[in-house]
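Peer 1: The following block contains the structure, expressed as structure tokens.
Quick note: the coordinates plus some simple rules give every number you see, no bench work behind them. A quick note: this is a predicted structure, and the numbers were derived from the prediction, not measured. So basically every Cβ, Gly included, is an ideal-geometry build from the backbone, and we count neighbours across all protein chains shown.
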Amino acid sequence: MKRVSIFGSTGSIGENTVDLIARAPEEYEVVALTGGRNIARLAEQAISLNAKLAVTCFPDCKQELAELLSGTGIEVAAGPMAISEAAERPVDWVMSAIVGAAGLVPGLKALEQGAALALANKESLVCAGELLMRTARANKADVLPVDSEHSAVWQALVGEDISAVERVILTASGGAFRDWPLEDLPRATPEQASTHPNWDMGQRITVDSASMFNKSLELIETREFFGFEPRQIEVLVHPQSLVHALIGFNDGGLMAHVGPADMRHAIGYALHYPERRPLPVERLDLARIGKLEFREPSEARWPALRLAREVMKVRGLAGAVFNAAKEQALDSFLARDIRFTDMAVVVEEVLAAMEGENALKCDRMCLEDVIETDHVARIRAAEAAARINMDA
Ligand code: NAD
Ligand code: MG
């Protein structure tokens, strides 16, 4: 039996992972499941998968979880420390599907015990790519990409010589405002930004898709995970979201990964790796789909892409600042304190200020520096958002 834990099991990626595991219960021993405030669902998952441990990140939810699981023999815990400790429980495979920088510590703990880390939580690669990949190497643990584009790149590279790769193209749907007039963007509401044309995902990544902060994180993720140079990594708008990524080789050939917009494909590939097994996803009818479109992304519409280029150039702690400022700016937008277009303004301001103070340099990244930098960048971003709010 494969021993597995799922961090963020009640979220969109978490539920898709639970779905795959629940289809073959005889193959898995579920060790830990973690979630947030959706205690009823966390308890339900823990019972149906016969998990050993259920953890909520909110201490005030512990009592409710304990009541729902009383008499089941399932252990209950709460709080960020308990999540980190859950990641130390021995397993073979861990799904990292917490949203935001909170996924970093459990991801590192999982790698330290040598577990394979299926990484949906792109934020951990963005804020601490060097540290995460170094920890994986030191413990001979695999990081398995789950982001659909990165899973696509990984699959297209099987059996290839990486030095023959000229370029990597990540596709982007363009999100909710792909075709909006530019002048309407400042008035976009959180509700409007929270709908996605093709994917059903958590709210934060959905809004990040509309702003392309998600694609910006993915550019950095590609750089950190595969080690490609920034100039080799491109973005193409592809409204159908069926081609997830393309690899361009030095002989002019392009290898594209095409599949349905269903995260169970990428999750399943990482779950069964190195095998390929049947998955319960739609088989595409390309004749019915008819055509696939591609366009150049506009930096005027999506300034986040330009900021990601700057982060890839500077590296060091720039990713930690970028991610933390973005998370804070997103909170401010969701709280209606700033406009949709102000998010990039906030992130750019914080990045420039901290770069000016020489706060992004680091020779050998350590967790303490990342946490401290994340903390400072959030405060700076909150200040910038408050200033913008006052000016408006
Ligand atoms: P979600 O909001 O649906 O779920 C997030 C999960 O994390 C929930 O279980 C929630 O309870 C938990 N959580 C939230 N804050 C937490 C905290 N501070 N500490 C501990 N747990 C916390 O998010 P999602 O859409 O499933 O995305 C999860 C991750 O996967 C993100 O990093 C996202 O970028 C990435 N991702 C998602 C998709 C997708 O299709 N949803 C695709 C690619 C990558
Ligand atoms: Mg993606």
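Peer 1: Could you tell me the ratio Rg/Rh of the range 145-197? Both radii from Cα atoms, Rh via Kirkwood.
Peer 2: Working: Rg = 16.8 Å, Rh = 14.0 Å.
For the range 145-197, the value is 1.20.
Peer 1: Mind giving me the nanometre distance, one decimal, between the label points for E27 and L334, set 7 Å out from Cα along Cα→Cβ?
Peer 2: In this crude label model, E27 to L334 measures out at 3.3 nm.
Peer 1: I want to check the label-to-label distance for D391 and L286. Put each point 7 Å from Cα in the C-beta direction and report it in nm to one decimal.
Peer 2: Here the modelled spin labels are 4.9 nm apart.
Peer 1: Something else: Rounded to the nearest 0.05, what FRET efficiency do L157 and E372 have when you use their Cβ-Cβ distance and R0 = 41 Å?
Peer 2: 0.70
Peer 1: So if R0 is 45 Å, what FRET efficiency would Q113 and W199 give, r being the distance between their Cβ atoms, rounded to the nearest 0.05?
Peer 2: 0.90
Peer 1: Let me ask something else. Once both labels are modelled 7 Å past Cα along the beta-carbon direction, what's the R167-N250 spacing in nm?
Peer 2: Each label point lies 7 Å from its Cα, and together they span 1.7 nm.
Peer 1: Semi-axes of the equivalent ellipsoid of the range 143-297: what are they in whole Å, largest first, if each equals the square root of 5 times a C-alpha gyration tensor eigenvalue? Working shown, then result.
Peer 2: Working: eigenvalues 133, 70, 48 Å².
The answer is 26, 19, 16 Å, longest axis first.
Peer 1: May I pose another question? How would F226, F322, F249 line up from fewest to most surrounding beta-carbon atoms within 10 angstrom?
Peer 2: The fewest-first ordering by Cβ neighbours comes to F249, F226, F322.
Peer 1: Which whole-number percent of Cα pairs in the range 246-308 have a distance greater than 19 Å?
Peer 2: Distances greater than 19 Å cover 60 percent of the Cα pairs.
Peer 1: Related question: What FRET efficiency, computed as 1/(1 + (r/R0)^6) with R0 = 30 Å and r the Cβ-Cβ distance, is obtained for F294 and H272, rounded to the nearest 0.05?
Peer 2: The pair F294/H272 has a calculated efficiency of 0.50.
Peer 1: Here's a follow-up. Which residues' amide hydrogens lie under 5 Å from the amide hydrogen of L144, considering only partners 5 or more residues apart or on another chain, with H built in the peptide plane?
Peer 2: So L144 has HN proximity to L117, A118, L119.
Peer 1: Please give the contour-minus-distance gain from K140 to T341: 0.36 nm per residue of separation, less the Cα-Cα distance, rounded to one decimal in nm.
Peer 2: Here the segment from K140 to T341 would lengthen by 68.1 nm.
Peer 1: Using only the alpha-carbon atoms, what does the range 326-390 span along each of its principal axes? Please give whole angstrom values in decreasing order.
Peer 2: For the range 326-390, the Cα extents along the three principal axes come out at 38, 21, 15 Å.
Peer 1: What full-extension length gain, to one decimal in nm, is calculated for S84 and E183 as 0.36 nm per residue of separation minus the Cα-Cα distance?
Peer 2: This chain segment gains 31.2 nm when fully extended.
Peer 1: Quick one: which residues, 5+ away or cross-chain, put their amide H under 5 Å from the amide H of W302? H built at 1.01 Å from N.
Peer 2: Excluding prolines and chain starts, which carry no amide H, there are no hits.
Peer 1: I'd like the Karplus ³J(HN,Hα) series for the range 250-259: coefficients 6.51, -1.76, 1.60, θ = phi - 60°, whole numbers in Hz, and an x wherever there's a Gly or Pro.
Peer 2: Per-residue couplings from phi come out as 6, 9, x, x, 10, 10, 10, 9, 10, x Hz.
Peer 1: Can you work out D for the chain in µm² s⁻¹ from Stokes-Einstein, where Rh is the Kirkwood radius over C-alpha pairs, the temperature is 37 °C and the viscosity is 0.692 mPa s?
Peer 2: Working: Rh = 21.4 Å.
Answer from the Stokes-Einstein relation: 153 µm²/s.
Peer 1: Counting other Cβ atoms within 10 Å, which trypsin sites (Lys or Arg not before Pro) in the range 348-392 have at most 10 and lie in a DSSP loop?
Peer 2: Details: sites: K361, R364, R378, R380, R387; in loops: K361, R364.
Here the sparse-neighbourhood loop sites are R364.
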